[in-house]
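Down below is the structure, laid out as structure tokens.
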Amino acid sequence: MDTEGDRPPREPAPISWDALAAELAATREAAGERDDDPAVWDAVAAELAARVAERPLALPEEPPPVPAEEPQLPLPGLPPPSPEPAPEPELVVEVDPATLRAQLEALLFVLDSPVDDETLAASVRCPVARTREALAELAEDYDRRGAGITLRRVGEGWRLYTRDEHAEVIERYLGHGRGSRLTQAALETLAVIAYRQPVTRSRIAAIRGVGVDGVMRTLLARGLVQEVGSDPDSGGGLYGTTPLFLERLGLGSLTDLPDLGPLLPETATLLADHPDAH
């Protein structure tokens, strides 16, 4: 027969916060008029601390695990749901190189602005890499046989242009370009903007030595320059060239502008022309 000393020590029952609160309320009621005495509350706190140390604090029970959602089965008599359709692959048409160049030539002939490689490739249903290769071959063919047109990459796209050596014939047909050419003042102002952009009107006027308001209106109306911001110091508008400027000059980017060094006059010439030099 087991004796009480042979039995393993029984763990004290856990105590919860609710039980502590109940005991604290009972102690306050038993204290009665003495509940304002600090000695009473010191004794209560010591007793509660001893009980908490003897018995583990009861932790809240863990919520039961949420069962995994079972797959929904189709209702009897109804067809199973159809799977999501896969995206259709991009259609690529296999054509021979000559036909591809002819298709690109036809597209470029009817376009009035540069078109990027991706748009042209989508139109002919051909990979972009092969489209670029065909465009380069087409441009090389124009140059090799001295065609009246040339294919150039300007800005972010391709466009057909008439060859420079035939400009006289075209001008003669168009009446020598009356009403379409820029004045010398407009060309000088455009050059200042192209090389110094972004630049304010006051800075352009200081460089040229004359007012530029009328010329700026012309350049803005023709879409060759545009306002690109404001000067943080003066608050005046800052101006730069537009993609149309690159297109008209047949340039891919502003880095293709010619170097100014060879175009500038010699220092001795500038000093000789200065009024104080005489």
Exercise. Which of (1) in a loop (DSSP other than H, G, I, E, B); (2) free of Cβ contacts under 8 Å to residues at least 24 places away in the same chain does L182 not meet, given it meets every other one?
Worked result: (2)
Exercise. Out of all the residues in the range 167-190, which are surrounded by fewer than 10 Cβ atoms within 10 Å (Cβ to Cβ), of a type outside the set (D, E, K, R) and modelled with pLDDT under 80?
Worked result: Y173, G175, G179
Seminar exercise, completed: The residue that is surrounded by the fewest Cβ atoms within 10 Å (Cβ to Cβ), considering only those in the range 106-144 that are acidic (D, E) and free of Cβ contacts under 8 Å to residues at least 40 places away in the same chain, is D112
For this session: Looking for whichever is touching a Gly at 6+ places or on another chain (Cβ under 9 Å), on the phi < 0 side of the Ramachandran plot and of a type outside the set (G, A, S) here; the options are R172, R163, R217. Which one fits?
Result: R163
For this session: Pull up the range 214-244, narrow it to residues that are in contact with a helix residue (DSSP H, G or I) (Cβ under 7 Å, 6 or more places away or on another chain) and assigned to a helix (DSSP H, G or I), then point me to the one that is nearest to V154 (Cα to Cα).
Result: L219
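The values are calculated or read from the model by the stated rules, or taken from the named source; none is laboratory data. What you see is a predicted model, and the numbers here were worked out from it, not measured in a lab. Because the Cβ atoms are built from the backbone with ideal geometry, glycine has one as well, and the counts that use them run over all protein chains shown.
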